[in-house]
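Chemist: One structure, as structure tokens, below. Some questions next.
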Amino acid sequence: MPALFLLALVVGILFWVLASSADRNRIAEYIQQHGGRVVSIAYAPFGKGWFGEKNDRIYEVVYYDNEGNQHFASCKTSMWSGVYWTEDRITYPRAKWVESLSPGNAPGRPVISQIPQTMPPPPVEPEAEELMRLREENARLRERLGMGAGGMTKSEIRNPNQ
């Protein structure tokens, strides 16, 4: 009996993985047929429209349309149905760098990796300098707290910028 249960569990998981893969391909194909490019497709069991749904699986999709606008959408799909969008909204209008993207979704070169970073990374302070700066700040704060009656009040300690 346990072997039969285990076999049923393995078959169920295998079916779910195959169905999920087919769903993702169906969604990507739909978007590409309409001139769009997929950024990500994520399974969302409790996504928009899940209540009362028995057969369709729900996914949250981020994609670019044929005009270069970024969309965040929820859709339903299954093996026997098409792709039905329950919510689709533009999250960002067309950006200047859209023309720099390579055509298609080449394997090993997803769209997300081609999007330029819009903000430079924060400067990295060497650890030794940061440690010295923090030690100096710590000493200054200890000195201010240790001034006794003529020092800081409790409200000044809580709000030192006042």
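Throughout, read-outs are computed from the coordinates displayed, never taken from laboratory work. Just so you know, these numbers come straight off a predicted model, no measurement behind them. Here the Cβ is made from the backbone with ideal geometry for all residues, glycine too, and neighbour counts use every protein chain on show.
Chemist: Work out the FRET efficiency for residue 91 and residue 21 from their Cβ-Cβ distance, taking R0 = 30 Å, and round it to the nearest 0.05. Please list the in-between numbers first.
Modeler: On the way: r = 26 Å, r/R0 = 0.87.
Efficiency for this residue pair is about 0.70.
Chemist: Simple spin-label model, 7 Å along Cα-to-Cβ: residue 81 to residue 66 in nm?
Modeler: About 2.6 nm, to one decimal.
Chemist: Okay, next question. Please sort 30-37, 134-141 by packing, taking for each peptide the average over its residues of neighbouring beta carbons within 10 angstrom, highest first.
Modeler: On the way: 30-37: 15.5, 134-141: 10.4.
Output ranking for 30-37, 134-141: 30-37, 134-141.
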